[in-house]
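The block underneath contains the structure these notes are about, expressed in C-alpha cells.
The values are calculated or read from the model by the stated rules, or taken from the named source; none is laboratory data. It should be emphasised that the depicted structure is a prediction, and the values quoted were computed from it without experimental measurement. Cβ placement follows ideal geometry from the backbone for every residue including glycine, while neighbour counts extend to all protein chains displayed. In case anyone asks, the SASA skips ligands and DNA or RNA and just uses the protein heavy atoms, side chains included. Shrake-Rupley method; radii C 1.70, N 1.55, O 1.52, S 1.80 Å.
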Amino acid sequence: MEYLALLMFVAVCGVLLLGYPVALSLAGTALLFAGIGISFELFESSFLYALPNRLYGVLNNQTLLAVPLFVFMGAMLERSKVAENLLNAMALLFGRFNAGLAISVTLVGMLLAASTGIVGATVVTMGLLSLPTMLKRGYSPAFSSGIICATGTLGQIIPPSIALVLLGDVLSSAYQKAQLSMGIFSPKTVSVGDLFAGAVIPGLMLVIFYILYCIAVAVFKPDAIPKRAPEDQADEQSSLTIVLFISALLPPLLLMFAVLGSILLGFATPTEAAGVGAMGALLLALWKGQLSKDNLTSVMQTTVKITSMVFLILIGASLFSLVFRGFGGEELVHGLFQQMPGGVVGATLIVMLVIFLLGFILDFIEITFVVVPIVAPVLMAMGLDPIWLGIMIAVNLQTSFLTPPFGFALFYLRGVADKSVTTADIYKGVIPFIIIQLILLCALAYWPSLVTWLPNVIYG
C-alpha cells in the first residue's frame, strides 16, 4: 500500500507535465487515488474527515496573512517606477567603472527582488528596463542575459521574501512534528523571522559574488563588457547630483530596512511588518505621484490573483498530503531515508537533488507545500537544523530556476528579450551564475554557521 503513495507522487508530476493547473492537479490526483484506495480497501476514508479542520487552519493562519501584504508591497513598488529610478541613480553612481552598469543591475535587482519576492516579476521588470540599455552600451547578449536572470532569482533568498514566509510556516509545523516523533513533548519552534535572519548572510554573499564576477569579466573579458569612454564618464559624473541619488535610493532602502529591521529586532511579526511595508509602498507611490486609480486597481488585481493562487495551491496540497499520509507515504519515506547509504548526509543529498529536479516543473509554492512537509520532518528528526535546511532548500530552488533548459527565469526573460538575444545566449550567460550558486551551496553545507550564526545572535 505504501508504494501507492510514491505512485501518486509520480502521477501528479505527470499530470503537471500535461499542463493542467497545479492546485487542481494536486487535489484531483489525490481524490482519484483515494477513491481507488477506498474501493480496494487500501485507504481509510476517515483520513479525509480531517480536511475541513486543515482548511480552517490554513485560512486562520496569521503568518500566511503576510503573503498578500508582501505581494501588495512588491506590486505597488513595481508600478511606482521605483526600479526605473533606482537603475538610473545606480548607473550614474557606478558610471565611472567599466562594469558600472552590470553592478547597478545587480544592486537594483537585489532591492527589487527583496521588495517583490517573486522571480517572474523581477526578471521581467529588469529585462524590460536594463537589457536594452546594456545591449546599447555594448555588453554581450550572453552576459547581459545571465546577470538579469541571476539577479531576478535573488527574490528566493533575500528577505523579506515570500518564499521564505511560506517555507517558514511549513518548516515550523514540520519541526514540531519531528520533535514529537523523537519523544520531545515541549518542542522548540522556528519562525519566519529565524529564516529571514538566516538568509541575510547567504543573500549578501551571493550579491557580492555576482559583483566580483562582473568586475572579473570587465578585467579579463573586455569583449563582454566594453570600456567606458572618457566623455561618457564625464557626462555621467556631471549628471550625478546628491538630490537625484537620495530621492531615488533612500526611500525604498528605508522601506526595506523598516520591514526587515522590525522583524529581526523583534519589534514586529512578519505579518505586522508586511502591513508596514504595504502602507510604506502606498506612501512612496503617493510621493512619486504614481498613486492613480488605474495603478491602484492594477496592484489590487495582481495581489488578489497571486494570493488566490497561493491559497488554492495550499488547499490542493493539504488534500494531497492527507491522502499521501493515508497510504503510509511518510513511513515509507522515513524507512527509505534510514536505509540510505551515508545516513543523514546521503539523505540530504538525495532530497536536494530531487528538489532541484522538481524545480524544473514546479514553482517554489508547490514544492514548499507538497515536498517539504514530506521530507523535512524526517530530515530534522535525523538531526538537521531547521533554519539551515530551509535556507539550503531556498538556494537550491533558486539554482534550479536558473538552470537550462527548464529554468523558469530563462523563460521569463525569453518572453521580454529582443530578438537579437537568442535562447542560446541566455543559456550560455547563466552558466557562470549557476556555478556561483553551487559554490554557495557547498559553502553553506561545509560551514552551516553561515546560516545559523545570525539567528542565534539575534534570538539567542
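Summary of values
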{"item": "Conditions (1) farther than 30 Å from residue 88 by Cβ; (2) open to solvent by 20 Å² or more (accessible area, probe 1.4 Å); number of the one not met by residue 297", "result": "(1)"}
{"item": "Cβ-Cβ under 9 Å pairs, at least 6 apart or on other chains, the stretch 448-460 side in contact (Cβ under 8 Å) with a residue 12 or more places away in the chain and assigned to a helix (DSSP H, G or I), far side open to solvent by 60 Å² or more (accessible area, probe 1.4 Å) and among the hydrophobic types (A, V, I, L, M, F, W, C)", "result": "458/265"}
{"item": "Qualifying position, being under 27 Å from residue 268 (Cα atoms), in a loop (DSSP other than H, G, I, E, B) and more than 20 Å from the chain's Cα centre (by Cα), among 188, 177", "result": "188"}
{"item": "Only one of 327, 364 that is touching a residue at least 60 places away in the same chain (Cβ under 8 Å), buried (at least 19 other Cβ atoms within 10 Å of the Cβ) and in contact with a Phe, Trp or Tyr (Cβ under 7 Å, 6 or more places away or on another chain)", "result": "327"}
{"item": "Single residue of 458, 435 found to be hydrophobic (A, V, I, L, M, F, W, C) and either open to solvent by 70 Å² or more (accessible area, probe 1.4 Å) or at positive phi (or both)", "result": "435"}
{"item": "The stretch 377-399: number of residues that are of a type in the set (Gly, Ala, Ser) and modelled with pLDDT under 90", "result": "2"}
{"item": "Matching residues, the stretch 130-174, being open to solvent by less than 10 Å² (accessible area, probe 1.4 Å), of a type in the set (Gly, Ala, Ser) and outside any helix (DSSP H, G or I)", "result": "161"}
{"item": "Members of the stretch 330-339 found to be open to solvent by 40 Å² or more (accessible area, probe 1.4 Å) and of a type in the set (A, V, I, L, M), listed by number", "result": "336"}
{"item": "Sole exception among (1) of a type in the set (S, T, N, Q); (2) open to solvent by 50 Å² or more (accessible area, probe 1.4 Å); (3) closer than 22 Å to residue 376 by Cβ; (4) touching a residue at least 60 places away in the same chain (Cβ under 8 Å) for residue 420, by number", "result": "(3)"}
{"item": "Candidates 347, 424, filtered to the one that is in a helix (DSSP H, G or I) and either touching a Ser or Thr at 6+ places or on another chain (Cβ under 7 Å) or more than 30 Å from residue 183 (Cα to Cα) (or both)", "result": "424"}
{"item": "Enumeration of residues in the stretch 376-399 that are in a loop (DSSP other than H, G, I, E, B) and either of a type in the set (Gly, Ala, Ser) or open to solvent by less than 10 Å² (accessible area, probe 1.4 Å) (or both)", "result": "383"}
{"item": "First in the stretch 236-257 and farther than 14 Å from residue 288 by Cα and modelled with pLDDT under 75, second anywhere and surrounded by 12 or more Cβ atoms within 10 Å (Cβ to Cβ) and small (Gly, Ala, Ser), Cβ under 8 Å, 6 or more apart", "result": "236/91; 236/95; 237/95; 240/95; 245/89"}
{"item": "Test result for residue 369, over 18 Å from residue 455 (Cα atoms), under 17 Å from the mean Cα position of the chain (by Cα) and not in a helix (DSSP H, G or I)", "result": "no"}
{"item": "Any hit, the stretch 266-286, residues being open to solvent by less than 40 Å² (accessible area, probe 1.4 Å), within 18 Å of residue 256 (Cβ to Cβ) and not in a helix (DSSP H, G or I)", "result": "yes"}
{"item": "Selection from the stretch 339-361 of residues that are without any contact (Cβ under 8 Å) to a residue 12 or more places away in the chain and over 26 Å from residue 23 (Cα atoms)", "result": "339, 340, 341, 342, 345, 346, 349"}
{"item": "All helices (runs of 4 or more DSSP H) inside the stretch 17-112 with 2 or more residues being crowded, with 16+ Cβ neighbours inside 10 Å and small (Gly, Ala, Ser)", "result": "22-39, 66-79, 82-93"}
{"item": "Some residue of the stretch 90-108 being more than 30 Å from residue 213 (Cα to Cα), of a type outside the set (Lys, Arg) and within 26 Å of the chain's Cα centre (by Cα)", "result": "no"}
